[in-house]
Each structure stands twice: as C-alpha cells, then as structure tokens.
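Reading through the structure tokens given below for one structure.
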Amino acid sequence: MKISALLTSAGINIGLCVLFLSLYSVLRKQPANVRVYFGHRIAEEHDRLRGAFILERFVPSTGWIVKALQCTEEEILAAAGLDAVVFNRILVFSMRIFTLAALLCVFGILPLNYFGQDIHHVRIPSESLDIFTIGNVEAKSRWLWVHCVTLYIISGVACILLYIEYKHIARLRLLHLTSATPKPSHFTVLVRGIPKADKESCSDVVDGFFTKYHSSSYLFHQVVYKVGKVQKIMTGAKKAYKKFKHFTDETVDQGCRTITYRCCLCGASSNSFKLLNTECEQNRGKADNKSILDLDDEECTAAFVFFKTRYAALVASEILQTSNPMKWVANLAPEPEDVYWSNLWLPYKQLWARRIATLLGSICFMFIFLIPVTFIQGLSQLEQLQQRLPFLRGILKKKYYMTQLVTGYLPSVILQIFLYTVAPIMMLFSTLEGPTSHSERKRSACCKVLIFTVWNIFFANVLSGTVISQLSMLSSPKDIPVQLAKAVPGQATFFITYVLTSGWASLSSEVMQLFGLIWNFIRKYVLRMREDTEFVPSFPYHTEVPKVLLFGLLGFTLSVLAPLILPFLLVYFCLGYVVYRNQLLNVYRTRYDTGGLYWPIACNTVIFSLVLTQIICLGVFGLKESPVAAGFTIPLIILTLLFNQYCRKRLLPLFKTFPAQDLIDMDREDERSGRIDEIHHGLHSAYCQFPDTVDVPLEKIEIVGGDEEQGATSGESGGKETCEDPKKDLSHPTLKGLPVNRLRQAVRSVTFLIRLQKRGLSEQKIG
C-alpha cells in the first residue's frame, strides 16, 4: 500500500468523524432525542428538555466536549460505578504511554527506518508504507541499537505506569468496599450443589446443615425456586400494565370480542387470562387447607444463606464445606439487582460440561472466522487479488482511485462488518456457561471477545496476509517468532487502516448512537408508541474493553517496527477519552458493577502485549543479524515476566477477595452504631425472586362496554374507573378496544399464585 492509499482512508474517516460529531452536537439538543442521548440523566434526575424553538439547538457546538473533560473521577464513580473508572483509567494509561512512544518513535526511529537503505526516494505520497518500517533497515546496521534502547524505555515506562494504575485502582476498590452503604451481598453466600433428601425438603436440609456447622453466625436462608413460567407471566403482565396505564384520554371499549385482540407479548388470546383467573377462583377457597403448588417439586438445589457478619460470610465462601467439593459449594452472592435468576436452577455438576462445550464452540467459531479474514487480506494484497479475479485487472489499472479505495479502505470496513456478529455470539456462549450474575456473564464475554479479536485481528491477519499459504507453520512453534518477525512489519499498513476504520469511525458511531436513534424514530413516528421510561442501556464493556486493549496491543507491537501507526492511535485514545466519558455520564445507566474486576484483564493484556512485542523484536534483530540488540532483548523479557509475577502476588489478591481486616472493622462499627439489627432486617427482602407480587391496580382507565365478563367484576370496581388527570399523558391512538379488564384479572390471578408460594414458604419456616 502506498501513502496515497493511506491518505485516502484517513480522509474518508476524518470526514465521517467530523460529520458524525457535528450531527451529534445538533441532535443531542433536540427534545425528540432526549431518551437516546440523555437516558442516564433522565432515569436518575427525571429531567426533560424544553421543546421551544431555539436557534442554538440547530448549531453545532463543542460544549459537550468541555463538560466531559471537566468531569472529575469522583463524579464518574458516583454516576457510573467503579467499572467506569477502571475503563477510564485504561484510556488514561494508553494516552500516557503512547504519547511517550509517539515522541520517541516518530522523531527517533521513523527517520532511521526511512533512510535505512541507500535507495532513491520518490515523492512521499507515492512511497510505499513499507519504507517507513524496520524492514527497510539494512542487515547488520549499526543503528539497530536505537530500536533496542527505545524498546527498553517503552517497556520500562509502561511497567511503571501500570504499577501506579494498579495501586490506584486497588485503593479505589478498598474505598468502594469500606465507604459504601452496607450491601446485602457482603452478608450473603450463594450455596449450590445441595444434596437432596428423601424425607426432607431442600429448605430443611439447608437449615439443618448451617444450623449444625455454622450455628454461631448463621442467620437464615432463602431457597431458589424453579418457577420460570410464573415469573415470565408476571413480568409480561407488568410490562403490559405499564403500557396501558397511560391511556387516560381514550375510552377502552369492553364490547370487543376476545379473540380479536391477542397479547402483544406472547401472541395468545385473552381466553388464557380468563381460564387462569377461573382456576384461581376455584382454588381460592381451598388455599387455607392445601397449597395448589407443590413447592418441593419446584425447589432448586441452590439457596441464599445469610450470616450475621460480613466476616462470617467471607469465611463460609472461602472454605470447603464438606469432603466432597461438588456438594455444598459456597460463593459470595452477587448484588440483588445483579443476580441472573434463570441460571441458578442449573445443577452444579452440569457446569463443567457446559464450560467445556462453550470453550469448544468458541474455538470452532474462531477458526471458522478465518475464512472471511483470509478473503479480506486478499483485498489488501493487490497482486493476489488480480491473480484470483482476472476480470478486475482492467478496472484497477484504469481507475487509480479504485485501487486506493480497494486496498486502503475496503478491507477494514468488511472486517468491521463481520466483527459485529462476534459480541452477540460470545455473549450467548457466556450465558450457556451458567453464570450466576449479569456482571459475571458480561465479564466472561469480555474475555472471549478479547481472545477472539487478538487471534483473528492480529495473528490471523498477520499469518494469512503475508504468509497466506504457510499456515502449516503453526505445527512448529519454535519458528513462530521468526515468522512473526517477518510478517508483522509487512502487515502494518492494514493495521493502520484498521485503526482508522474500527477506531475513529466506531467512536463517531458510538457517540451518534445510530441504532438507538433509528429505533427511537421508528418507535415514535412509525409505530406511534410511547417512550419507554424504564429501559436505559448499560455500557457494553464486553465490546469496548477488548477494542481498546486490542489497539493497545497494536500500538506496542508496531511502535518500534512501524511507528507510523502511533499518531493515529494517539488520536483514537484522546477522542475515545472524551467520547466514553460523555457516554458514561449521559447515555448509559449502571445496573450492576463488578467492583473493578476488568482491571486484571487489562493488566494481563498489557503484559502479554509487552512480552509479544519483545519476542517479535528479538526475532527481527536476529533476522537483521544484530546479536547485541538481540542479546539485550532477552533480559528485558525476563524482567517483564518478573514484574508481572510481583503484581500477581502483591496486588491481584485484592481483586479476588476482600481483606478480613476491613470486614471485621466494618462489622464492629455497625455493632457500635446499632445498625446491625436494621441491616439484618433488610436482608429478609433483599433477594426477592418475585419482586412484582403486589396487586397492581389499573386505575386511570375509563372502562365502558357490554362485555359479558364486565358484570363479574362490577362489584369490585363499580363498572367504571375514572381518570385522575385526563390531561397528564397522551393516549395511544391505535390501541382502542383492548380487553384491559381481563388483563387486570390476569395480574390479580398471577399475584394470587405468588402469594400462595409465599404462604408456603412462611409455613415451612414456622414448621
């Protein structure tokens, strides 16, 4: 690829960035898009933008950039949680290290690479990008020691900055633990692999075990039930109620036929509501004598066990409960809003098989993805493309701009389109593994996406691009460093265009929220639906963290070999620093938090990137016949691995568990202040498997009509429910005549089922 092709790709992406950022600065001021660009603030503060015509709303501005830069780390922590702070620190670390690398490599190494051989140079736009790589340096050159010294400086400064950030985030994690309000998860242990007893229920078995072996600290427990169908009915009914409760200006006709209108959630007719209600009415009189639900059959071999102190819960989660590690497996419970309820009923003995299956599925998907990667790399290799598709020779020779577009812009765009399928598939694999929390599922997906992108974007592109016919080299691992040393400098051109397309353009797309903007338009003006005030997306850490870390890997590996990539990377990190801070503060809403557990993933990736860079440079120095530079690189690899081992011993344990000293101090402080009884009382309702068990009244709706079932409930509601404020909300113009009365019966019927379950639970506790 020539410099002109790179400039073409850069011009296209710079134009898209300027266009998208300008459109964003205008669209964010429009009241119709308030849910798209200020979802977090609307959910937290319940603010709305005024709808009056103001000329300033239609003029691009940079005020949002200033606000994002002025925001402090404490404000990000309060608004988006510790994970957002960790993500922000990853960007800060990247900006610092690559600023130094850009200064050293662009002004020190790039001229050495350009004048590495005594050849005639043409005009820079017509030069090949390979001229600016280490491949242009002559063998046995006396200037290779400059590359080695620069490698030492970058590696040393990266380790120092990494250690500083590691200590800072570990301190924030401890402060987050000690300064936060008491969390139910600190007193709770999730127990799985509970053995079944013939004559005892699961609840009795759990109570007996912990009363016997943890009598001094055991408080009570809550068994998890496998009642997914009932829970789905409750969730669907409440969602439907939230939609119908806004119908204040319209009269809901009850004279319509039941079969005419079907449930918008499952497609079933409203007869199902009627039958369910009838069955409940028949069993209402028998509820005092016998429960209609057999709770023992629905019990799951998992339970939340609550302890009197945080320290007792920590001890119970860290030790083996029995001599069989597959039974009575205890781990600290996730936060109540973080619990992934649908996976708690999975048998614990089944999890290892699920993990092996998902691992094999992920590996197969990684190798299947090599097919589009190989095709895409063929586009960047123009000679191979013309050999395989002879009919393109005439087009590419006649039209010079087509050659620049195909080699400089098209490959990275096609690859980016294929990469959109990766995150959903990896999230599906992570769900099938059986995680017990949403944050654990997203963190697992983050690791899978990271490994996938490093393999398919870096290694697969390197191996399939320059040595496209030599994939058999994987069978001889000792040759991999030499082959990487030959291949990586040759693929620098593709990685530069990938940074432009996947980096700059993706940030512009992120700040624009294209999918949310399109869906908001369709929802409002095509489907004529009301705004969903409850749904606000959470930040996609499983896609953004791997993307940032991948760009960091590209920066480290190519800093010494092809320094021309560093200015483009530095622009990406600086732009991402502004964009992501704005998104975390205004767009995304934090529902759950890992407590900074993304930082060990980032630290391990940085260490891997440094070691990989040093190994590749070792191979390059060997190919260039520079034994001094190669010999000095070996101690650098050893020192980097020793630094990683020190961090794993000194700081990593703080991210795996909580220090007992801090937990004991917090427990004693709660006892001295008298808050411990209040905390224990709050634990009873903390982990509610069925949170929507309160009877929901469907007021604010005026019901008229001659439906046959209207008389059955006229004694309760008087045949009419009037609206409190007829001008408060606008109704939906296309949903007249829905059988709201039957929906109300459905909600009450399902509520009755849940109350019976609660009654059964309370009877078990009393017994």
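Quick rundown of the values:
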{"quantity": "Simple label model, 7 Å out from Cα along Cβ direction - Trp143 to Lys524, nm", "calculated": "5.8"}
{"quantity": "Pairwise FRET efficiency - Leu359 versus His168, Cβ, R0 = 30 Å, nearest 0.05", "calculated": "0.35"}
{"quantity": "Along principal axes, Cα extents of the stretch 497-631, largest first, whole Å", "calculated": "71, 33, 21"}
{"quantity": "Near-label residues of the stretch 347-369 by backbone N, under 20 Å of a point 7 Å along Cα→Cβ of Leu428", "calculated": "353-369"}
{"quantity": "By accessible area with a 1.4 Å probe, ligands and nucleic acids excluded, highest first: order of Asp207, Asp667", "calculated": "Asp207, Asp667"}
{"quantity": "Extension gain from Ser538 to Ile451, taking 0.36 nm per residue of separation minus the Cα-Cα distance", "calculated": "29.1 nm"}
{"quantity": "List Asp670, Asp593, ordered by accessible area with a 1.4 Å probe, largest first", "calculated": "Asp593, Asp670"}
{"quantity": "Per-pair calculated FRET efficiency, R0 = 30 Å: Val106 and Val18 via Cβ, rounded to 0.05", "calculated": "0.80"}
{"quantity": "Residue-span extension gain [Leu652 to Leu69] - 0.36 nm each, minus C-alpha spacing", "calculated": "206.9 nm"}
{"quantity": "Inter-label distance for Ser216 and Phe608, nm, one decimal - labels placed 7 Å from Cα along Cα-to-Cβ", "calculated": "4.4"}
{"quantity": "Segment Ser685-Arg591, extension gain: residue separation times 0.36 nm, minus the distance between their alpha carbons", "calculated": "32.0 nm"}
{"quantity": "Relative contact order of the stretch 502-628, pairs being alpha-carbon contacts under 8 Å that are 6 or more residues apart, as %", "calculated": "35"}
{"quantity": "Mean Cβ count within 10 Å, highest first, over the residues of peptides 339-352, 555-568, 301-314, 648-661", "calculated": "555-568, 301-314, 339-352, 648-661"}
{"quantity": "Förster radius 45 Å - calculated FRET efficiency between Tyr420 and Met326 (Cβ-Cβ, nearest 0.05)", "calculated": "0.70"}
{"quantity": "Spin-label pair Glu318/Arg675, simplified geometry with 7 Å Cα→Cβ offset, distance in nm", "calculated": "2.3"}
{"quantity": "Cross-link table Lys547/Lys624; Lys199/Lys226; Lys183/Lys547; Lys349/Lys649; Lys167/Lys649, entries beyond 23 Å C-alpha to C-alpha", "calculated": "Lys547/Lys624; Lys183/Lys547; Lys349/Lys649"}
{"quantity": "Global geometry of the stretch 586-675, whether rounded, prolate or oblate, following the gyration tensor of its Cα atoms and the 1.5 cut on a/c", "calculated": "oblate"}
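The values are calculated or read from the model by the stated rules, or taken from the named source; none is laboratory data. Being a predicted model, the structure only gives us computed values, none of them experimental. Glycine gets a Cβ as well: all are built from the backbone with ideal geometry, and neighbour counts include every protein chain shown. Accessible surface areas use protein heavy atoms only, side chains included; no ligands, DNA or RNA. Shrake-Rupley method; radii C 1.70, N 1.55, O 1.52, S 1.80 Å.
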